[in-house]
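Below you'll find the structure, written out as structure tokens, and then a few comments.
The values are calculated or read from the model by the stated rules, or taken from the named source; none is laboratory data. Everything numeric here is computed off the predicted structure, so don't read it as measured data. Heads up: the accessible areas ignore ligands, DNA and RNA and are worked out on the full protein's heavy atoms, side chains in. Shrake-Rupley method; radii C 1.70, N 1.55, O 1.52, S 1.80 Å.
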Amino acid sequence: PASTTLINGAGNGGNSVMSIGGSSHIFLSNLVIGGGPHGALNGGGIAFDGSGSLTVASSKIVGNKAGYGAGIYMHESGGSLSVLISANSTIGNNVALFDGGGIYVQGGALTVNGSEIFENTASRCGGIAIESTSTMTTIVAASMIDVHVATMGGGMSSTGTGQCRIQSRATSFAGTNT
């Protein structure tokens, strides 16, 4: 098996562990991204504000804190944005003060395939929080979304003025508390 590299955000002045902006195409593999501090408003683990693509493969995004999207925060601006979580990745034990303990999506396309999103906590939507302001698609396939704590939308929720198409195939939603 491939070795794993730990990227720890402890002591980084309240910023996201990884911050991505502009037009970027990023591939992350065999990483553990953790320790994102509560001082980060958006994306304790990864904050992507821009256009392009992000692929997370065979990685863990765990133990992060933020206002929105404690694990991953994605905000589409300046063009289209797509995020793919695949190949046995895990997003877990993240805590958001407001929305999206695991993932917060504001525009763009999110695909979660063959991965696990578990034990994330937020005021609203512990697992995946989607705020659609335009037409967007979220696909969750062959994945497990399990044990989330939130006052609304434990596993997944969608709000906003846009149209959000959610496709779920061979996915288990279990043990969410709202």
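The share of accessible area on segment 1-49 that comes from carbon and sulfur is 55 percent, using a 1.4 angstrom probe.
With all protein chains kept in place, the per residue accessible area of segment 1-113 amounts to 38 square angstrom at a probe of 1.4 angstrom.
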